[in-house]
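Peer 1: The structure that follows is given in the form of structure tokens.
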């Protein structure tokens, strides 16, 4: 599904971005531009910095080198230091729900904490979002009572909730970290469809995924990250025709090729 949105102006730009943890360089002078309406999926072997890119874009981690621009405005510091020019939300791999709070309290948490809306108004907004993600009537339940797929959908509802009296609170970009990890194929399909549904008109998302079905069903553009660098970028329909050995090995699941296989010690 290619977007018809105007992609002339960059929405997010990473320029020469580097990040290390100790002596381990995860990202090495990455350049990446994301446009409005894009459905971008970041792929590559485990441990190559895909989730790190999301956290840098979200303003949850500091840069070691380089710059990040949001709608042409340079970000300084972390997200709590200064608001971005656009709303941004993140769906974490493990859903990251508060176990002690009900589903409704989890979804409405940001509004309870940061808005002047009445509890009745928030409850209605929460109910509407839960219905959008197919969880109507589950507000009184707790995360432990839900399946993995349902917990993921709760986290989606929380990611897209906003204050209707504050247009700036509406997220223009959603960051997904492995949204279908650990789910069975049917639950994965539900989540993949929901990702596209929530994109709406000119919405933008950046996703990290290992699952081939998720990559193929949710991506318009794909970037392959390995060795701290972007090694390949292309449209989703170019995956099967590329001669890039990294991409070919990744999708064939072969142990033979330029991607170094790290054996796990039991």
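The values are calculated or read from the model by the stated rules, or taken from the named source; none is laboratory data. Nothing here was measured: the structure is a model prediction, and the numbers come from that model. Cβ coordinates were reconstructed from backbone atoms using ideal geometry, including for glycine residues, and neighbour counts include every protein chain displayed.
Peer 1: How many residues are out of contact with any helix residue (DSSP H, G or I) (no Cβ under 6 Å at 6 or more places or on another chain), within 21 Å of residue 57 (Cα to Cα) and modelled with pLDDT of 90 or more when one looks only at region 161-192?
Peer 2: Result for region 161-192: 3.
Peer 1: Return yes when residue 196 is part of a helix (DSSP H, G or I), within 16 Å of the chain's Cα centre (by Cα), farther than 27 Å from residue 110 by Cα and touching a residue at least 12 places away in the same chain (Cβ under 8 Å) and no when it is not. Working first, answer last.
Peer 2: Values: part of a helix (DSSP H, G or I): yes; within 16 Å of the chain's Cα centre (by Cα): yes; farther than 27 Å from residue 110 by Cα: no; touching a residue at least 12 places away in the same chain (Cβ under 8 Å): yes.
Here the answer is no, as residue 196 does not meet what is asked.
Peer 1: Next question, about the same structure. Give region 28-44 a look and list any residue that's in contact with a helix residue (DSSP H, G or I) (Cβ under 7 Å, 6 or more places away or on another chain) and assigned to a loop (DSSP other than H, G, I, E, B), or say none.
Peer 2: 44, the sole residue that qualifies.
Peer 1: If you scan region 214-245, which residues turn out to be under 16 Å from the mean Cα position of the chain (by Cα) and over 18 Å from residue 259 (Cβ atoms)?
Peer 2: Within region 214-245, 214, 216, 217, 218, 219, 220, 221 qualify.
Peer 1: Anything in region 199-213 that is under 15 Å from the mean Cα position of the chain (by Cα), assigned to a loop (DSSP other than H, G, I, E, B) and over 24 Å from residue 143 (Cα atoms)? List them, or say none.
Peer 2: Within region 199-213, 203, 210, 211 qualify.
Peer 1: Here are the criteria: (1) under 28 Å from residue 193 (Cβ atoms); (2) surrounded by 14 or more Cβ atoms within 10 Å (Cβ to Cβ); (3) at pLDDT below 90. Tell me which single one residue 1 does not satisfy.
Peer 2: Going through the list (1) under 28 Å from residue 193 (Cβ atoms); (2) surrounded by 14 or more Cβ atoms within 10 Å (Cβ to Cβ); (3) at pLDDT below 90, residue 1 breaks only (2).
Peer 1: Still on this structure: Any chance you could count how many residues in region 103-121 are surrounded by 18 or more Cβ atoms within 10 Å (Cβ to Cβ) and either in contact with a strand residue (DSSP E or B) (Cβ under 8 Å, 6 or more places away or on another chain) or assigned to a loop (DSSP other than H, G, I, E, B) (or both)?
Peer 2: Within region 103-121, residues that are surrounded by 18 or more Cβ atoms within 10 Å (Cβ to Cβ) and either in contact with a strand residue (DSSP E or B) (Cβ under 8 Å, 6 or more places away or on another chain) or assigned to a loop (DSSP other than H, G, I, E, B) (or both) number 3.
Peer 1: Is it true that some residue in region 222-234 is at pLDDT below 90 and assigned to a strand (DSSP E or B)?
Peer 2: Checked region 222-234: no residue is at pLDDT below 90 and assigned to a strand (DSSP E or B).
Peer 1: Okay, next question. Being surrounded by fewer than 14 Cβ atoms within 10 Å (Cβ to Cβ) and either part of a loop (DSSP other than H, G, I, E, B) or at pLDDT below 90 (or both) is the requirement here; does residue 131 meet it?
Peer 2: So residue 131 does not fit the description; no.
Peer 1: Check region 89-97 and report whether any residue there is farther than 30 Å from residue 29 by Cβ, in contact with a helix residue (DSSP H, G or I) (Cβ under 8 Å, 6 or more places away or on another chain), assigned to a helix (DSSP H, G or I) and in contact (Cβ under 8 Å) with a residue 24 or more places away in the chain.
Peer 2: no
Peer 1: Of everything in region 149-175 that's without any contact (Cβ under 8 Å) to a residue 40 or more places away in the chain and not in a loop (DSSP other than H, G, I, E, B), which residue is farthest from residue 186 (Cα to Cα)?
Peer 2: So the residue we want is 167.
Peer 1: Residues of region 45-62 being out of contact with any helix residue (DSSP H, G or I) (no Cβ under 6 Å at 6 or more places or on another chain) and in a loop (DSSP other than H, G, I, E, B), which ones?
Peer 2: Residues satisfying the conditions are 45, 46, 47, 48, 49, 59, 60, 62.
Peer 1: Do we find that residue 192 is surrounded by 21 or more Cβ atoms within 10 Å (Cβ to Cβ), out of contact with any strand residue (DSSP E or B) (no Cβ under 7 Å at 6 or more places or on another chain) and farther than 18 Å from residue 51 by Cβ in this structure?
Peer 2: Numbers: surrounded by 21 or more Cβ atoms within 10 Å (Cβ to Cβ): yes; out of contact with any strand residue (DSSP E or B) (no Cβ under 7 Å at 6 or more places or on another chain): yes; farther than 18 Å from residue 51 by Cβ: yes.
Against the criterion (surrounded by 21 or more Cβ atoms within 10 Å (Cβ to Cβ), out of contact with any strand residue (DSSP E or B) (no Cβ under 7 Å at 6 or more places or on another chain) and farther than 18 Å from residue 51 by Cβ), residue 192 qualifies.
Peer 1: If you scan region 176-187, which residues turn out to be surrounded by 23 or more Cβ atoms within 10 Å (Cβ to Cβ) and assigned to a strand (DSSP E or B)?
Peer 2: Listed by number, the list holds a single entry, 176.
Peer 1: Same structure again: So which residues in region 67-78 are in a strand (DSSP E or B) and buried (at least 17 other Cβ atoms within 10 Å of the Cβ)?
Peer 2: Within region 67-78, 68, 70 qualify.
Results for (1) surrounded by 16 or more Cβ atoms within 10 Å (Cβ to Cβ); (2) touching a helix residue (DSSP H, G or I) at 6+ places or on another chain (Cβ under 7 Å); (3) at pLDDT 95 or above, shown as yes or no for each residue.
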residue: 197; (1), (2), (3): no, no, no
residue: 204; (1), (2), (3): yes, no, no
residue: 210; (1), (2), (3): no, no, no
residue: 213; (1), (2), (3): no, yes, no
